[in-house]
């Protein structure tokens, strides 16, 4: 079993929305930095401290995988289907807005929404907008983004974070349960969205987002138990392997 970074598996599994693949080259932007990289030459990632951290190259995924496999044989199948998934180190604020937009949505449309938001607020750099920039959007520009019912959730999140009523630095110090409750102060953020924000924006491996696919997996293979109970501190990593497997690989 290989311990490596697979760009396709990592960047197209629903955890990041600023990446596109053109002619075999992945192009993306994070925290104001841009990258173009191919699977057969990931040296730009290894050699750059920012990107090495972003792609989580310092985490020992081989040890984690071996621990997960010992929990259940189904995990070996799931891990071997997409062994190159890594949990990215992404900006918490960007993940708050991205996963608010993810509600009742598909990955392609989320990417379009996020990228259009960046083009409208920062047309030159394409950086993700700050809370202030988002709040400064006039109604016409906001409507042009076609967020629909998510408009009020996005603005509520920006407002509460901008005013410090939801403190992203404080959330880093909290337990999973406390952190979820803090994020749920934002209108429209429920348990699943909060769990996604914690896993993908705060790198909390003990966070276990549950959607219809994961519920199906837990009911089918783990007697409906919670991911936290079954997988402990690596619940979030297990979730990604299971999600990709039951959604794409079960019948292959």
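The values are calculated or read from the model by the stated rules, or taken from the named source; none is laboratory data. All figures in this text were calculated on a predicted structure; none of them were measured in a lab. Cβ: placed from backbone, ideal geometry, glycine included. Neighbour counts: every protein chain shown.
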Among helices (runs of 4 or more DSSP H) entirely within the stretch 120-168, at least 1 residues that are in contact (Cβ under 8 Å) with a residue 12 or more places away in the chain and under 26 Å from residue 204 (Cβ atoms) occur in 131-135, 150-162
Being surrounded by 12 or more Cβ atoms within 10 Å (Cβ to Cβ) and over 24 Å from residue 21 (Cβ atoms) is the filter here; which residues of the stretch 112-143 pass it? 121, 129, 130, 131, 133, 134, 135, 136, 137, 141, 142, 143
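Looking only at the stretch 190-215, how many residues end up being in a helix (DSSP H, G or I), modelled with pLDDT of 95 or more and surrounded by fewer than 23 Cβ atoms within 10 Å (Cβ to Cβ)?
From the stretch 190-215, those in a helix (DSSP H, G or I) are 191-201, 212-215; that's our starting set.
Going one step further and asking which of them are modelled with pLDDT of 95 or more, we end up with 191-201, 214-215.
Add one more test, that the residue is surrounded by fewer than 23 Cβ atoms within 10 Å (Cβ to Cβ), and what stays is 191-192, 214-215.
Within the stretch 190-215, residues that are in a helix (DSSP H, G or I), modelled with pLDDT of 95 or more and surrounded by fewer than 23 Cβ atoms within 10 Å (Cβ to Cβ) number 4.
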Looking only at the stretch 73-83, filter to residues that are crowded, with 17+ Cβ neighbours inside 10 Å and touching a residue at least 40 places away in the same chain (Cβ under 8 Å); which one of those is nearest to residue 4 (Cα to Cα)? 83
List pairs: first residue in the stretch 41-55 and more than 14 Å from residue 4 (Cα to Cα), second residue surrounded by fewer than 13 Cβ atoms within 10 Å (Cβ to Cβ) anywhere in the structure, Cβ distance under 9 angstrom, at least six positions apart or on different chains. 44/36; 48/33; 50/31; 50/33; 51/33; 54/31; 54/33
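Within the stretch 151-188, can you find the residues that are on the phi > 0 side of the Ramachandran plot and touching a helix residue (DSSP H, G or I) at 6+ places or on another chain (Cβ under 7 Å)? Step through it out loud before you land on a result.
Keep residues of the stretch 151-188 that are on the phi > 0 side of the Ramachandran plot, which gives 164, 188.
Across the stretch 151-188, the qualifying residue is only 188.
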Quickly run through the stretch 222-239 and pick out the residues that are over 17 Å from residue 65 (Cβ atoms), over 20 Å from the mean Cα position of the chain (by Cα) and touching a residue at least 24 places away in the same chain (Cβ under 8 Å). 222
Of the residues in the stretch 28-40, those that are under 17 Å from the mean Cα position of the chain (by Cα) and surrounded by 13 or more Cβ atoms within 10 Å (Cβ to Cβ) number 3
Restricting attention to the stretch 225-252, report how many residues are modelled with pLDDT of 95 or more and assigned to a loop (DSSP other than H, G, I, E, B). 2
